[in-house]
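Here's the structure, in structure tokens; my notes come after.
The values are calculated or read from the model by the stated rules, or taken from the named source; none is laboratory data. On a predicted model such as this, the values are computed, not experimentally measured, just so you know. Here Cβ is always computed from backbone atoms with ideal geometry, including for glycine, and neighbour counts include all displayed protein chains. Only protein heavy atoms, including side chains, enter the accessible area calculation; ligands, DNA and RNA are left aside. Shrake-Rupley method; radii C 1.70, N 1.55, O 1.52, S 1.80 Å.
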Amino acid sequence: MAVRPFIPYDDRRLHRPAEPVEAITETVRMIWDDMIETMDAMPGVGLAAPQIGIMMRLAVVDASEKRGQAVRMANPEVLHASIQMRKHDEASPNLPGVFAPIERPRAVTVRFLNEDGEMEDRDFVGLWATSVQHQIDHLNGKVYVDHLSPLRRKMLVQKSKKLHKS
């Protein structure tokens, strides 16, 4: 297992959809392991493969109190979203040093290929639901700032660049 580096916000891979996963292989399992280690090192509650430059529809989420409860997902898709919304400050290591409140459905039912290679439908609520939706956005080529007005997005991107000049 290894902590992987994050690609920068300007990298084109963050802004295009990832490729579907055909099967759960040993390579996929190794990528998931690295993703969990990378997520825990942030620390964060979720990570999508494109954030570390891997263009596969893979995500991990762990919004548990004590950690170690990561859900590994391939090809996740929202089947149902609650009408009730929840606002949460979201951030991304691909755009370090900034965050913004984003409103998303409070609960979602998600279908995904699990670590055993089986289709699974699972309900996520609260921070779990927020993180799953955030990761699915990444898999679809969207970053949380895409939910903001163009002016607010531009301001956050510029602020992040100023904070983290190379």
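A few notes on this one:
- As for region 70-80, it holds no residue that is open to solvent by 50 Å² or more (accessible area, probe 1.4 Å) and without any contact (Cβ under 8 Å) to a residue 24 or more places away in the chain.
- Answer residue from region 85-112, given it is polar (S, T, N, Q) and under 15 Å from the mean Cα position of the chain (by Cα) and is nearest to LYS162 (Cα to Cα) among those: ASN94
- Region 14-36, residues that are over 13 Å from the mean Cα position of the chain (by Cα), surrounded by 16 or more Cβ atoms within 10 Å (Cβ to Cβ) and either under 16 Å from GLU90 (Cα atoms) or without any contact (Cβ under 8 Å) to a residue 60 or more places away in the chain (or both): VAL28, ILE31, ASP34
- Criterion applied to LYS161, LYS154, LYS142 was being open to solvent by 80 Å² or more (accessible area, probe 1.4 Å) and under 25 Å from ILE54 (Cβ atoms), and the one residue passing it is LYS161.
- Selection status of PRO50, touching a His at 6+ places or on another chain (Cβ under 6 Å) and either closer than 25 Å to LYS154 by Cβ or buried (at least 19 other Cβ atoms within 10 Å of the Cβ) (or both): yes
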